[in-house]
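Just below is one structure, and these are the notes that go with it.
The values are calculated or read from the model by the stated rules, or taken from the named source; none is laboratory data. None of these values were measured; they are calculated from a predicted model. Ligands, DNA and RNA are excluded from the accessible area calculation, which covers all protein heavy atoms including side chains. Shrake-Rupley method; radii C 1.70, N 1.55, O 1.52, S 1.80 Å.
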Amino acid sequence: MDILDNIELFECPRCGGPGILEEENGWCTYVACYDCGCRTAELPYNNESERIAAIEKVVLTWNMGKTIYTGASD
């Protein structure tokens, strides 16, 4: 079973929008708000076990409300 099947992302702590788990070309992961663009820090990984740990950490960080907002959004 993939870890992505078991994660629960809360709404954005800033605007209440949906959070989206992102991965960048197999080297890092983070959670970002689809609406306002706030996000967690990027966590790098080198293998599958580090990937799982990084996903768990960014989801926990997001769900605790610890995000970065620069004022810019898509």
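Keeping the other protein chains in place, figure out the carbon and sulfur percent of the accessible area of the chain, with a 1.4 Å probe. Each step should come with its number before you reach the end.
On the way: 2280 of 4780 Å².
That fraction is 48 percent.
For the Cα atoms of the chain, what angle does the longest principal axis make with the long axis of helix 48-63, in degrees from 0 to 90, nearest 10?
20
Using modelled backbone amide H atoms (1.01 Å from N, in-plane), which distant-in-sequence or interchain residues come within less than 5 Å of CYS28's amide H?
Amide H neighbours of CYS28, under 5 Å, 5+ apart: TYR45.
Taking only protein heavy atoms into account and a 1.4 Å probe, give the accessible area per residue of the chain in Å².
On the way: 4780 Å² over 74 residues.
Normalised by residue count, the accessible surface of the chain is 65 Å².
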